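Laboratory data are not the source of any read-out in this text; all were calculated from the coordinates shown. Model, not experiment: these values are computed from the prediction. Reconstructed Cβ throughout: ideal geometry from the backbone, glycine too, with neighbour counts over all protein chains shown.
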Amino acid sequence: MKLVERMTTLPSNSSVIRPMKKDDWEEFRNLDEEIFPDDAVSRESFEKRVEHEGFFALEIDSKRIVGCLILSRFGDDAGHLGRIGVAPLMQKRGLGTKLMDFAFRWL
């Protein structure tokens, strides 16, 4: 079942950006395939990313991943935004802005 099909209620304002974990693979994969159907992250790439800093999940209500963020630092004053996305039914609620604000602070 796709993430958008499972989202029938609006989330509370309780959202958190946290490091992605290996246990998040299934939920991340469903989200990533929905947001980036032609460029989904492979399991191998996911597992490599999880072991490094800069891979984040946007979670609502302490249980649903509705966004993702992949960042890389290059030295003290440069960085790269590799991926940012929010589930289609969760867009237009400021969650992408929350991810971007986080990215600027983290980088």
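A few points about this structure:
- A simple spin-label model places pseudo-atoms 7 Å from Cα toward Cβ; at Glu44 and His80 they are separated by 1.8 nm.
- Going from the residue with the fewest nearby Cβ atoms within 10 Å to the one with the most, Arg43, Arg49, Arg83 rank Arg43, Arg83, Arg49.
- Phi to ³J(HN,Hα) by Karplus 6.51 cos²θ - 1.76 cosθ + 1.60 over region 73-88, Hz, x for Gly, Pro: 9, 10, x, 8, 9, 9, x, 9, 9, x, 6, 8, x, 10, 3, x
- When you restrict to C-alpha pairs under 8 Å that are six or more residues apart and normalise by the size of region 63-107, the relative contact order lands at 39 percent.
- Long-range amide H partners of Ala57 with built H, under 5 Å: Arg18, Met20
- Note, ³J(HN,Hα) from phi for region 61-69, Karplus 6.51, -1.76, 1.60, rounded to Hz, x at Gly and Pro: 6, 6, 8, 10, 7, 10, x, 9, 8
- Calculated on the Cα set of the chain, radius of gyration then Dmax: 13.4, 43 Å.
- Computed on the chain, with alpha-carbon pairs under 8 angstrom and 6+ residues apart, the relative contact order is 26 percent.
- Extension gain, Leu107-Asp23: 0.36 nm per intervening residue step, less the Cα-Cα distance, totals 27.7 nm.
- Size of region 39-91: Rg and Dmax of its alpha carbons, in Å, are 12.5, 36.
- Amide hydrogen neighbours beyond the local backbone of Gln91, cut-off 5 Å, H modeled: none
- Diffusion coefficient (Stokes-Einstein, Kirkwood radius over C-alpha pairs, 10 °C, 1.306 mPa s) for region 16-70: 143 µm²/s, rounded to a whole number.
- Around the amide H of Gly82, modelled in the peptide plane, lie the amide H atoms of Ile70, Leu71, Ser72, all under 5 Å away and 5 or more residues distant in sequence or on another chain.
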